[in-house]
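Working notes, beginning with the structure itself.
The values are calculated or read from the model by the stated rules, or taken from the named source; none is laboratory data. Just so we're clear, the structure is a prediction, and the values are computed from it rather than from any experiment. Here the Cβ is made from the backbone with ideal geometry for all residues, glycine too, and neighbour counts use every protein chain on show. Side chains are part of the model used for accessible areas, which takes the heavy atoms of the whole protein and leaves out ligands, DNA and RNA. Shrake-Rupley method; radii C 1.70, N 1.55, O 1.52, S 1.80 Å.
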Amino acid sequence: MRDDRRIIVVEDDPKANEGLATVFGVVFVVVMGIAVIDHVLTLAWMSIASWFG
């Protein structure tokens, strides 16, 4: 008996999500950079405030 059903293989295109990954990567780096700068400024502000007071 012969089986005529076809096997469908769906392959993801590696370049299909490349642009979206780049955008999310840039957003992540920018947000983390802002967080680090905010943390440094907060520590500096607390240090200066403790000197005067």
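Take the solvent-accessible surface of the protein heavy atoms, probe 1.4 Å, and return the percent of it on the chain that carbon and sulfur atoms account for. After summing per-atom areas, the C and S share lands at 68 percent. In plain terms, the bigger the Kirkwood radius, the slower the diffusion; for the chain, with that radius from Cα pairs, at 25 °C and 0.890 mPa s, Stokes-Einstein puts D at 152 µm²/s. Taking the Cα centre of the chain as origin and assigning +1 to Lys and Arg Cβ atoms and -1 to Asp and Glu Cβ atoms, the resulting dipole is close to 40 debye.
Using only the alpha-carbon atoms, how far is helix 18-51 inclined from the longest principal axis of the chain? Give it as 0 to 90 degrees, nearest 10. Tilt of helix 18-51: around 20 degrees. Maximal additional length on extending the I7-L20 stretch stands at 1.7 nm, based on 0.36 nm per residue less the C-alpha distance.
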